[in-house]
Amino acid sequence: MAKNAIVGQSGGPTSVINASLAGVYESCKRRGAGKVYGMLHGVAGLLERRTCVLDDKLKTALDIELLKRTPSSYLGSCRYKLPDWHTAEGEAVYVQLFEILKELDIGYFFYIGGNDSMDTIGKLADYGAHIGSDIRFMGVPKTIDNDLMVTDHTPGYGSAAKYIGVVMKEIIRDATVYGTKYVTIVEIMGRNAGWLTAASELASLSGCGPDLIYMPETDFDLSDFLDDVGRIYRNTGNCVVAVSEGVHLADGSFVSEGKASATDGFGHAQLGGLASKLAEAAKLETGAKVRGIELSLLQRCAAHCASATDVEEAWEAGAAAVEAAVAGMTDKMVVFKCDREDGAYTCVTSLEPLEKAANIEKKIPREWINEAGNGVNHQFIEYALPLIQG
Ligand code: F6P
């Protein structure tokens, strides 16, 4: 690597996004890069010339190893959407960014993030090609939501899924202890995809999964929900429900949106408040004692419960991005290709064009969800189980 490299983190943090950062850094140094810069708060910080030199911070192998095991985004993050460079006003932003990259003598640009962040790096690669820049732009996948296309799964998901499986088991053990009547609603992140909420079913491997699981892959109907809860509650005196923050009615409106009109830089509604809303509705229906539990930020950086598989794969994703850039690749995202044949899990990295991942969301296949839309089957378990190991 003849020139300097720069790396940024973007979007929501995870337990393992720093493992990818460590993988990028270590591989850059091994490949002989000059300085490795970090963008402070992603591309938004870079635009304000807010960077650090990672070499000043990661001096020993132990520093790199500690970074690998440290949750949340070490460099800080942003949810900043780059404008369209085809307009004069938009292009000014790119002119400024490429000027900064030139000043720093950058030859390699790595961005660790989800589908919004792949939009950012795709636009930069596109503009770079337009002006004949020789900077190589590589995307490193990350998101607890697991909603990136063209990759088997995303770094960050395995650890969050493991946490959700574990806390669901603990909640169920607690919520059933008195033997009295009780309805518990647990709200889980994931935006428009149900991967994280489906992970609550992993608790069933310990003999105590949730009674009902609602995901955004199917339309949510309040009266069906109340029928389901009422039926189970009347039969067993207890009902535990996992519900995605992003469940929506047949007309597409979020069930939780009434609570949150704020949107981020990419126009996503800030979701939340659904658990207490549904718990209240369940109370009116059943008269039961109810509890609404919003896992909220607890599930995103729960590194005390990280998956070793996830940590190692996140590192590999960062390292693979560097190897690809060294080999002359640009405008690509690292992806995982996995095999689960006969229960033997293998995972290798590969590359896909950024445009295949930017701004698109991957949902759980409909056939992994039961017909009533309130549970997942063994296909999901077989998919998720290898990702939470270790
Ligand atoms: O990072 C993904 C995610 O955790 C989504 O599941 C959630 O809807 C969103 O981020 C919350 O974002 P923020 O932290 O910006 O409110």
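What follows is calculated from the coordinates using simple rules that are stated; it is not laboratory data. Worth saying up front: this structure is predicted, and the values here are computed from it rather than measured. Because the Cβ atoms are built from the backbone with ideal geometry, glycine has one as well, and the counts that use them run over all protein chains shown.
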Query raised in the report: Taking all pairs of different Cα atoms in the stretch 240-372, averaging 1/r and flipping that mean, what Kirkwood radius in angstroms comes out?
Result: 19.0 Å
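May I ask you to derive the relative contact order of the stretch 206-312, considering only C-alpha pairs under 8 Å and at least 6 residues apart, and to give it as an integer percent? Before the final figure, lay out each step's value.
Numbers: 115 pairs, mean separation 21.9, N = 107.
It rounds to 20 percent for the stretch 206-312.
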Report summary line: The answer for Val53, listing residues at least 5 apart or on another chain whose modeled amide H is closer than 5 Å to its amide H, is Gly38
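If the convex hull of the alpha-carbon atoms of the stretch 142-296 is projected onto planes in all directions, what is the mean projected area in square nanometres?
9.3 nm²
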Query - Mean separation of Cα contacts under 8 Å, 6 or more apart, over the residue count of the chain: relative contact order % - result: 22 percent
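How large is Rg over Rh for the stretch 1-156, taking Rg from the Cα atoms and Rh as the Kirkwood inverse mean of 1/r across Cα pairs? Each step should come with its number before you reach the end.
Numbers: Rg = 14.8 Å, Rh = 15.6 Å.
Here the Rg-to-Rh quotient is 0.95.
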Report summary line: Beyond 19 Å, the calculated P(r) of the stretch 21-100 holds a percent of Cα-Cα pairs equal to 46 percent
Report summary line: When Tyr214, Tyr108, Tyr74 are arranged by how many other beta-carbons sit within 10 Å of their Cβ, fewest first, they go Tyr74, Tyr108, Tyr214
Report summary line: Going from the fewest other Cβ atoms within 10 Å to the most, one would list Trp315, Trp85 as Trp85, Trp315
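Taking only DSSP H segments of four or more residues, each worth -39500 (n - 2.57), what value at 222 nm results for the chain once the sum is divided by all its residues, to the nearest 500 deg cm²/dmol? All intermediate terms of the calculation are to be shown ahead of the outcome.
Working: 11 runs with 138 residues, N = 390.
Taken over the chain, the calculation gives -11000 deg cm²/dmol.
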Report summary line: Per 5 angstrom bin, beginning at 0 and ending with the bin that holds the maximum distance, the Cα pairs of the stretch 107-224 fall in percents of 2, 10, 16, 16, 14, 12, 9, 7, 6, 4, 3, 2, 1, 0
Query - Largest to smallest principal axis extent of the C-alpha atoms in the chain, angstrom - result: 69, 45, 34
